[in-house]
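Nothing in this text is a laboratory measurement; each read-out follows from the coordinates by a stated rule. Model, not experiment: these values are computed from the prediction. We place every Cβ from the backbone using ideal geometry, glycine too, and count neighbours over all the protein chains shown.
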Amino acid sequence: MPLAIALATAATLAVFVAFPLLAPDTEGDQLLPVDVTPLADFKRRRMVVYENLQDLEFEFKAGKIAREDYQTLSDNYKAEAAGLMAASLEAETTSHGDAWIESEVAARRARRKSAPSPQYLCPECGFENPLPVKFCGECGAKLASRP
Amino acid sequence: MNQVGSVSLVAALAFGIYGVVAGVIGGRLRSLRVTRSAERATLAFFLMITVAVVALETAILTDDFHTAYVAAHSNKDLPVYYKIAVLWAGQEGSLLFWTWLLSIYGGLAVLINHRKNRQLMPYVVAVVLGTGVFFTSVTFFVANPFPVLNLQTAAGLAPLHPPEGNGLNPSLQYHSMVIHPPVLYLGYVGFVVPYAFAMAALITKQLGDNWIRVTRRWAMVPWMFLGVGILLGANWAYYVLGWGGYWGWDPVENAALLPWLAGTAFLHSVMIQEKRGMLKVWNIVLVMVTFFLSIFGTFLTRSGIVSSVHAFAQSNIGIFFAVFLGIVVFFSLTLLFLRLDFLKSENKLDSVVSRESGFLFNNWILLAAVFAVLWGTIFPIISKAVEDKTVTVGPPYYNKTALPIGLLLLFLTGAGPLLAWRKTSFQSLRRNFTLPVALAVAAGAALFFAGVRDLFAWMSLVLATFVAACVLQEFYKGARTRQVIAGENFPQALYNLTMRNTRRYGGYIIHLGIVLLFVGFAGLAFKTEAKAPMQRGDLLRVKDYVLRCEGITKGETPNYLYERAELSVVKDGKALGTVKPEKRLFKASQESISHVALRPSLAQDLYVVLAGDDEDTGKALIQVFINPLVGWVWVGGFVVFLGTLLAMVTSRIEREMAGIRRPVEEAIEEKHAL
């Protein structure tokens, strides 16, 4: 009897493990989400510098740091923060950030192409609409009604 | 039950292998569903190992002596709590237990990161399960706890059901032995998670400080368990082995100390990467070294390659560990070499007198300690290979190497936090060091005049004063400043100061615990010892104590026979009651141990052992130790434990930082409705 239970447990777990592969997925195979984006990384690094500045301020007020050291270190941290802010802004408005987002979106679209959802595909022009819509965004043809 | 155990191990092995493959494929394809499946395999692996553990525990608790493992390590009259501990009393059970803890860590890593660190997780799963597959394979193929006893008869093999087992190793029948191995194992095994994250970061080239932040807590947990486990072991040695001490530089003790030291170095150097974006390669190396040393420690403990008081685990499995370690080292270093370009430092060292260089110095010294202890530990193996004779290095070697290193580390424990990040001028140094140095000098003079002449003990106590002053000064100055800035009263300011940055102030509390540990170590220099054959009415004088033998009795419990001495204790003319040291002979195993009688206090322990019978006189041989300050070792360990718990609490700063994660990812999800 215990052996039967152990075998049944193993079999149930096998189904549990295989389930994500076997279950129907209308969205196609999704990409693993990104952990740290370049922009978030810039922002976080800036926050670390702010935290360092805050610590410095506190230690100066606590009498741990001589005024001269405080001035030099404070200037260094501020310069570092300004540099990071500029890099972050540049990435946000122009090249890096957008390019990165575009490449990410392209990768996801490419992945979606391998398993397109039929209800988003235009029967007339074949355009794959990014959202569930009633009419095709490219040619205006009526799309099949969603289930 | 044996079939259940074996079937579960096979199923776990299958899930483990599948999880490794699915993890690698999921990571390569960045596929969410394949990764989910790999993560589920980790949970399935955990559940099947759990079934195997339950099967073995059932066999132990039901006295199923048909199972060879139960017959070898248990007996009917063993109390239930010791029967539970039989699981880790022998080689096979230990390995199964080890694998189970690994599966728990793996399962927790998966559950906690269900929505986080998605790109790292497939590889984390692959590395954790890869290690799990190795341990399960060794448990199943080499040291299986589930074979049954059979008797060879003329008609073939007949099942053998012995009426009684051999019993649990007597030296393991002590309360801290019930929790010492699990806690220590939790320490050893847990370093697999930080290692797995480091490997995943290397593979995915995500080598910013994300993996460091994720890993820090995962490293603190095993670090804490390993530290507590080491002290529980020391406590066991002190109470059970009856030689009057708690640390003997035994190879297996060292084996646990090595990853703890490397882990300590890692927990310090991560701060430099988080704060200043430096030491990226170094941190990866430290995580790797910590994990290697954990496996090496397992290898030392389990292989019996060096002689040790832990001789309960000698076997031929060493070669498997050596091969596994070789593969892991090769894989890790190759990967590190391939990713060196992604590990460039964001900043450079501004000044030699700075917090960064303090940390760096601390790291070098910790690694020097690792090297010194490692060299002493493996010297017998090396001497055997080179000169064909086993040369063992004992405490004198460690006293010459590890103690000076320990004192240097103790100094840095106090001095490091007083240095500012980036650069510290002489003026700043003077502000912070004046009071602690003055107090240390005063303590040094007071100790000298009080008659302390042992250099190590004197330096330990002087440095302990210095570090305690440094740490308390940090708390005091911080709280005073908060009082001024926020208008809080002192206790409020102290509380808020600590909770705002739990990691820093938890760290300071750990440093205070280390100070107390060193105070306890310093007590060794003032140890007094006496030994005498005694019978009813005999007196023994040791320092301020007079012990009078009130009688020797003999008796038995269902589990063991005992001989007990009853001694009344008088100190400075004041009666303190009686102590009753015992000698126990365990019926099942026919092995005997001493049961130490102890009158502990923070000033000194009175430690009395019934060492046996004197051959010449036939009297009971009574051994007495006066051990000053030992109690501070246990108190210090407890303070380190509390400090570590505090450092693991999410601080207000961390909560503020957590709010800025993944904004761009959310933007993609929203704008492009993908």
Using a 7 Å offset from the Cα along the Cα-to-Cβ direction at both A:Tyr50 and A:Phe135, what is the distance between the two label points in nm, to one decimal? 4.6
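Quick one: if the Förster radius is 60 Å, what FRET efficiency do A:Ala4 and B:Leu576 give, using the C-beta to C-beta distance and rounding to 0.05? Provide the component values of the computation, followed by the final result.
Details: r = 62 Å, r/R0 = 1.04.
Working from the Cβ atoms, E equals 0.45.
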When we measure straight from the Cα of B:Lys205, which lysines land under 28 angstrom away, once same-chain ones fewer than 8 places off are left out? A:Lys43, A:Lys113, B:Lys116, B:Lys275, B:Lys280, B:Lys344, B:Lys348, B:Lys671
Quick one: compute the contact order of chain B, relative version, from alpha carbon pairs under 8 angstrom and 6+ residues apart, as a percent. 10
Output the direction-averaged projected area (hull surface divided by four) of the convex hull of the alpha-carbon atoms of chain B, in nm². 37.2
What ratio of Cα Rg to 2.2 N^0.38 Å holds for the stretch B:559-645? 1.38
Lysines with Cα under 16 Å of A:Lys142, excluding same-chain neighbours fewer than 8 positions away: A:Lys134
Taking a spot 7 Å from the Cα of B:Val281 along the direction of its beta carbon, which residues of the stretch B:240-268 have an amide N less than 15 Å from it? none
If you take the beta carbon distance between B:Thr62 and B:Ile112 as r and set R0 to 41 Å, what does 1/(1 + (r/R0)^6) give as a FRET efficiency, to the nearest 0.05? 0.70
In the calculated pair distance distribution of the protein assembly as shown, what percentage of Cα-Cα distances lie above 42 Å? 43
Simple SL model, points at 7 angstrom along Cα→Cβ for B:Asp77 and B:Thr334; separation in nm is 5.8
Counting helices only, and only those DSSP H runs with n ≥ 4, report the 222 nm mean residue ellipticity of chain B as the sum of -39,500 (n - 2.57) divided by its residues, in deg cm²/dmol to the nearest 500. -21000 deg cm²/dmol
Along Cα→Cβ, 7 Å out, is where each label goes; now give me the distance between the ones at B:Glu615 and B:Leu29 in nm to one decimal. 7.4
